Amino acid sequence: MTLAKDYNSVMGRSAEIMKASLGLDFNDFESGSVAFDYEGLMEATGYTIEEIDRIQSRTGVGHTQLLELRNITKLARKYAKPGYGARIFAKDEAANASGSFKDRRAACAVAHAKKLGYKGVIAATSGNYGAAVASQAAMQGMKCIIVQECYDSKGVGQPEIVEKARKCEALGAEVIQLTVGPELFYEHLSVMEDSGYFNASLYSPFGIAGVETLGYEIAQDCKEKFGKFPEMVVCTQAGGGMVTGTARGLIKAGATDTQVVAASIDLTGLHMASDVQFNKKSCTTGHTGFGVPHATNPDTGDVPRSAARPLRYMDRYVTTTQGEVMYMTEMLANLEGIERGPAGNTALAAAFVLAQGLPEDAILVVTETEYTGAGKHIQPQLDFARENGIEIVFGDPKDDVPGKNIVLPANPGLFKVSDIDLDKLRKSLIKRSVPRATGKLTAADIAFLAEDTRSDEAFVKAALDELGVEY
Amino acid sequence: MAKKGDWVRIHKVVLPAAERTAKIPDDTKQVDFEMWVKGTLQNETAEIGDEVTIITATDREETGKLLEVNPYYTHSYGKFVPEIVEIDKQLREIMQFGGEE
């Protein structure tokens, strides 16, 4: 029998398609209410951190250099009070096989797909993850399809995303490119169903377990070189996998006192599903358009429950601007001699400011760099912005208006970060979780929400009272 | 004219505007949900704009309108952006690269 492939029919089969494409039944971890067994889901991968390290090491992934950014540190200290300005380091994740930390996620997911006997892997991503899955599929002898949101309705593609399509094809993958819109999920499911490939989702427990080695390596490298764990680790926050995996790895290495800071580019005001606004952005990832929804509503992706749950792990969530990230990218090239980013330098732009608030003997680690290429570079991205009517000026980044201008800091002393109110995000997550309950929220639900928001039961109960929800 | 076996790029409307889901902004609701994909042309011959069948890199069959034969990328390092030179100058001055005056 031929299955109906219209929108409603495919979406109606989403639960069974996802189950078949992951070889994992998420119902095994559900309570039937708000709570689910998150640690049980993570353990279901069946891999220890040592096994993941072996899987990654086989394919040129992991154990990247921890580079000290001496000149950027020196520059940051010029703007800090005496005795302040932490030593800034960056994990040179661009040195992974396909050029980003996403190789860690892909290595694990693709190895698992191969073990389960799938013929191919599929992933929905417009970012570096596509190249990572394609690279791993090539190394492990599997077919690969990448589904990208790439163009607006005029057929104009984001240069950064077009470059990622090129790279995926160069690594042997098929790339399906789409216009803006959440219906990408329909096309993704439909191809998954027809191909029978493994869903190498960014949000599966295999992917997140793959990032744990990053946090683990940072903790171990610092302990070995400096005799202590880093005081602060700064992660670029988009889908939440970096924050979640890194923090879990730090904890597994014993670095429980390290402060984990998430950082996103502030794109407030731009709607991510808007056709017109799609090409008004000048960075296509690392921004609040992904970062905030994935923090407050993690279970909306291409798996029933996301293994990326950043609110569980972040101590602070700060924003920076497109102009600061572009300036920082140029700073990294000119002062440290490495051309990386731009989007992956979001955490570094924030770190430049955060380091100024820490004493000179503190260690601050930025968790990633990413490869640079045609289209994916400060010049084509600024040029594209200008062609799309975005004003590029030097000034104070506080005057930045996403979609209208890019304000390059008039001097490095003007770099700033803004803190996002975590309690507000916590309340938002609680509110979005409530509809899963079939009756009153249970004690297990409240304990789960306290963990999921890194708060406590009193906070959850107060938030539920505010919403008028019974428990 | 394209012939069987050529590497081509096709375009397809996956969902016409009228069939799009409701939870999207108004501007997106007014436009089709479109797709582009590449593969080997299966038709004996075809002209640009013809409805054709291709076999993709993962051996999937897809249909759509023929858009390009021998498709290639044109993204680049972009046109000159003078602000970048200004950033470079400023950083070198502050850091006094080449020795302090």
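Read the figures in this text as sums done on the coordinates, not as results from a lab. Computed from a predicted model, the values in this text were never measured in an experiment. Every residue, glycine as well, gets a Cβ built from its backbone with ideal geometry; the counts of neighbours run over all protein chains shown.
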Next item on the list: For the stretch A:198-290, take the alpha-carbon Rg, divide it by the Kirkwood Rh, and send me Rg/Rh.
Entry: 1.09
Notebook entry, point to check: How about the stretch B:1-98: which trypsin sites (Lys or Arg not before Pro) there lie in a loop by DSSP and see at most 14 other Cβ atoms within 10 Å?
Noted result: B:Lys4, B:Lys23, B:Lys79
Item checked: Where labels lie 7 Å past Cα in the beta-carbon direction, separation of A:Lys154 and A:Glu470 in nm -> 5.5 nm
Item checked: Under-5 Å amide H pairs with B:Glu34, H placed in peptide plane, nonlocal only -> A:Thr179, B:Val14
Item checked: Debye, to nearest 20: dipole size of chain B, +1 on Lys, Arg Cβ, -1 on Asp, Glu Cβ -> 340 debye
Next item on the list: Using only the alpha-carbon atoms of the stretch A:176-215, report the extent along each of the three principal axes, biggest first, to the nearest angstrom.
Entry: 35, 25, 13
Next item on the list: Within the set of other residues whose C-beta is less than 12 Å from the C-beta of A:Tyr203, count the net charge using Lys and Arg as +1 and Asp and Glu as -1.
Entry: +1
Check: So for the pair A:Arg454, A:Asp361, with labels modelled 7 Å out along Cα→Cβ, what separation do we get in nm?
Finding: 2.6 nm
Checklist line | Sparsely packed trypsin sites (Lys or Arg not before Pro) within the stretch A:144-217, loop by DSSP, other Cβ within 10 Å at most 14 | finding: A:Lys154
Notebook entry, point to check: Tell me, what HN-Hα J-couplings in whole Hz come from the Karplus equation 6.51 cos²θ - 1.76 cosθ + 1.60 at θ = phi - 60° for each residue of the stretch A:389-404, using x for Gly and Pro?
Noted result: x, 7, 7, 10, 9, 8, x, 9, x, 5, 8, 5, 10, x, x, 10
Notebook entry, point to check: In nm, to one decimal, how far is the B:Glu19 label point from the A:Lys404 one, both placed 7 Å along Cα→Cβ?
Noted result: 4.0 nm
Item checked: Dimensionless Rg/Rh of the protein assembly as shown - Kirkwood Rh, Rg from C-alpha atoms -> 0.96
Check: So how long is each side of the stretch B:2-71 along the principal axes, counting just the alpha-carbon atoms, biggest first, in Å?
Finding: 41, 24, 17
Next item on the list: Give the angle, between 0 and 90 degrees and rounded to the nearest 10, that separates the Cα long axis of helix B:82-95 from the longest principal axis of the Cα atoms of chain B.
Entry: 40 degrees
